Amino acid sequence: MPDDVRVIRQTTETVFTDDGKPQEQIRVEFKVGDNGPFYRRFPVEGFNGYQVKAALEDFARELRNVKG
């Protein structure tokens with residue numbers, strides 16, 4: 001399928017919460033067909049591949065709706 005989600009890279013990075021505390025997150029970079037790259041961050045704590053896949057597919061579905 002031409003609009004398949006493809007993960008390009010997965011890295012761990014530290015971001016800071018609104019109150020200034022560091023938080024480890026996993027940054028997932030991906031493409032939807034020829035579009036992107038895009039990225040989403042997910043907390044390291046409770047990281048679940050199935051939930052990540054669902055979130056990326058939801059994003060791809062919305063992008064397809066925008067494209068028509």
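The values are calculated or read from the model by the stated rules, or taken from the named source; none is laboratory data. It should be emphasised that the depicted structure is a prediction, and the values quoted were computed from it without experimental measurement. We place every Cβ from the backbone using ideal geometry, glycine too, and count neighbours over all the protein chains shown.
Picking from LYS53, LYS31, which residue would you name as being farther than 13 Å from THR11 by Cβ, touching a Lys or Arg at 6+ places or on another chain (Cβ under 6 Å) and surrounded by 13 or more Cβ atoms within 10 Å (Cβ to Cβ)?
Details: LYS53 fails: touching a Lys or Arg at 6+ places or on another chain (Cβ under 6 Å).
On inspection, the qualifying residue turns out to be LYS31.
If you take the residues of region 24-58 that are within 8 Å of the chain's Cα centre (by Cα) and assigned to a helix (DSSP H, G or I), which of them is nearest to ASP3 (Cα to Cα)?
Checked region 24-58; the qualifying residue nearest to ASP3 (Cα to Cα) is LEU56.
Looking at region 4-13, is at least one residue modelled with pLDDT under 95 and loosely packed, with under 14 Cβ neighbours inside 10 Å?
yes
For PHE47, work out the one condition from (1) closer than 29 Å to LYS67 by Cβ; (2) aromatic (Phe, Trp, Tyr); (3) modelled with pLDDT under 95 it doesn't fulfil.
Result: PHE47 passes all but (1).
Could you list, in sequence order, all residues of region 1-23 that are assigned to a strand (DSSP E or B) and either over 19 Å from ALA54 (Cβ atoms) or touching a residue at least 40 places away in the same chain (Cβ under 8 Å) (or both)? Give the derivation first.
Pass one, region 1-23, residues assigned to a strand (DSSP E or B): 5-16, 22-23.
Those that are assigned to a strand (DSSP E or B) and either over 19 Å from ALA54 (Cβ atoms) or touching a residue at least 40 places away in the same chain (Cβ under 8 Å) (or both): VAL5, VAL7, ARG9, THR11, THR12, GLU13, THR14, VAL15, PHE16, PRO22, GLN23.
GLU29 - would you say it is among the acidic types (Asp, Glu), more than 18 Å from LYS67 (Cα to Cα) and in contact with a Phe, Trp or Tyr (Cβ under 9 Å, 6 or more places away or on another chain)? Break it down stepwise before answering.
On the way: among the acidic types (Asp, Glu): yes; more than 18 Å from LYS67 (Cα to Cα): yes; in contact with a Phe, Trp or Tyr (Cβ under 9 Å, 6 or more places away or on another chain): yes.
It is true that GLU29 is among the acidic types (Asp, Glu), more than 18 Å from LYS67 (Cα to Cα) and in contact with a Phe, Trp or Tyr (Cβ under 9 Å, 6 or more places away or on another chain).
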